[in-house]
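Chemist: What follows is a single structure, and I will ask about it in a moment.
Please treat every number below as a calculation from the coordinates, not as lab data. The model shown is predicted, which means the values in this text are computed figures rather than measured ones. Here Cβ is always computed from backbone atoms with ideal geometry, including for glycine, and neighbour counts include all displayed protein chains.
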Amino acid sequence: MTRTFAAADIGSNTAHLLVAQTDGELVMRVDNFNEWIPLGEVVARQRKIPKELVAQLIAAVREFRRVAAARQAESLYLFATEGMRAAENHDAVINKITAETGVKIDLISPHREAELSLRGTLLDTRHYGVDLMFEVGGGSAQIGRVIRNTLLETESLALGTGRIIAESGLRNPCPDYALHAAENYIEAALDHGSLGGAARRAVASGGVARGLWRALHPDNEKVLLLEEIEYVVWATCRLPVDRIAVRFGVKSKRAGTLLPGALVYRALMKRFGVREVVVSEFGIREGAILEMAEGKIEAYPL
């Protein structure tokens, strides 16, 4: 028996809704859309979420609730990640959104973010034999050691694309000093990490990885090679955003994240000694849908 649920996350680059049907094992998308709200970069610069972005979030959540109800979802689970976690005013923002929309927000921990991401990625990567997971967003990167499709340990690093842009002045085309600043920032963040050692194969989840995947593999081949990531760095350094969007066939907002995203994935792959990553079409929202079906998540009834 299939059931319909809705899961939405307030991420660091987008607010994103998924309405899906599930039998507890598979997840079939019914509706899937997002609104670009760059919390990661804005919070990295201002330390808080400004009023205009709060208004955008309220409007987005209202629309999520409407769409979920129209698609006859049983319930809506709304959660937030690093962009909200890092904001000094996150308690006030969460209370404001809940008061205006009636929907409660679960501010999840980095470890919980990694758990849900892995649960979703296993829908299409469980047979690849991965022993490492990367989930890079706009505010942070979650890294997890995986054994037999089980998350063993995790850590969260300040390696989101928006944060890197804010910290280094990265832009397109990119001057050498900004590129070097971004590379140095990434290496310093990795040096503060506790996870180390080589891995055989990694799985990548999240919008940044899927943006790179769509840019490089319009044929939907799931495995990205390190050499391909290197090419994205080389090409996007030299092009303005509008040319990047045309060359790689991505939306302009996503085009602006290809360079910082490629820099992070290049550094992660080199640090852990992997030359390829398997990019999952699924992730944190699908993981949430599966847990909703199992009764493990308390959600807003529709």
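Chemist: Lys and Arg at +1, Asp and Glu at -1: add these up for the other residues within a Cβ distance under 15 Å of M292 and post the number.
Modeler: Values: positive: R3, R29, R71, K104, R112, R119, R285, K296; negative: D9, D23, E25, E74, D106, E115, E286, E291, E294, E298.
So the surrounding residues net to -2.
Chemist: The chain: D in µm²/s via Stokes-Einstein (Kirkwood Rh, Cα pairs, 4 °C, 1.567 mPa s)?
Modeler: Numbers: Rh = 19.2 Å.
For the chosen part, D equals 67 µm²/s.
Chemist: How much length is gained if the chain between M1 and D219 is pulled fully straight, taking 0.36 nm per residue apart and subtracting their Cα-Cα distance, in nm to one decimal? Mind dumping the intermediate values first?
Modeler: Numbers: separation 218, 0.36 × 218 = 78.48 nm, distance 3.30 nm.
Separation in residues times 0.36 nm, less the Cα-Cα distance, equals 75.2 nm.
Chemist: Given the peptides 276-289, 198-211, arrange them by the average over their residues of other C-beta atoms within 10 Å, most packed first. Working shown, then result.
Modeler: On the way: 276-289: 25.6, 198-211: 22.6.
In decreasing order of mean packing, 276-289, 198-211 become 276-289, 198-211.
Chemist: Sticking with this one: Can you give the FRET efficiency for T98 and Q72, using 1/(1 + (r/R0)^6), R0 = 22 Å, r = Cβ-Cβ distance, to the nearest 0.05? Provide the component values of the computation, followed by the final result.
Modeler: Working: r = 23 Å, r/R0 = 1.06.
Given R0 = 22 Å and the Cβ-Cβ separation, E is 0.40.
Chemist: Another question, then. Rounded to the nearest Å, what's the spacing between the alpha carbon centres of the range 81-103 and the range 10-47? Just the number, please.
Modeler: First find each Cα centre; the distance between them is then 15 Å.
Chemist: Something else now. Which value in Å does the Kirkwood hydrodynamic radius of the range 42-108 take, with 1/r averaged over all unlike C-alpha pairs and then inverted?
Modeler: Details: mean 1/r = 0.0805 Å⁻¹.
Averaging 1/r across every pair of different Cα atoms and inverting gives 12.4 Å.
Chemist: Quick one: Debye curve from the C-alpha atoms of the range 124-279, no solvent, what's log10 I(q)/I(0) at q = 0.11 Å⁻¹?
Modeler: -0.38
Chemist: Once label points are set 7 Å from the Cα along Cα→Cβ at both R238 and E63, what is their separation, rounded to one decimal in nm?
Modeler: 3.7 nm
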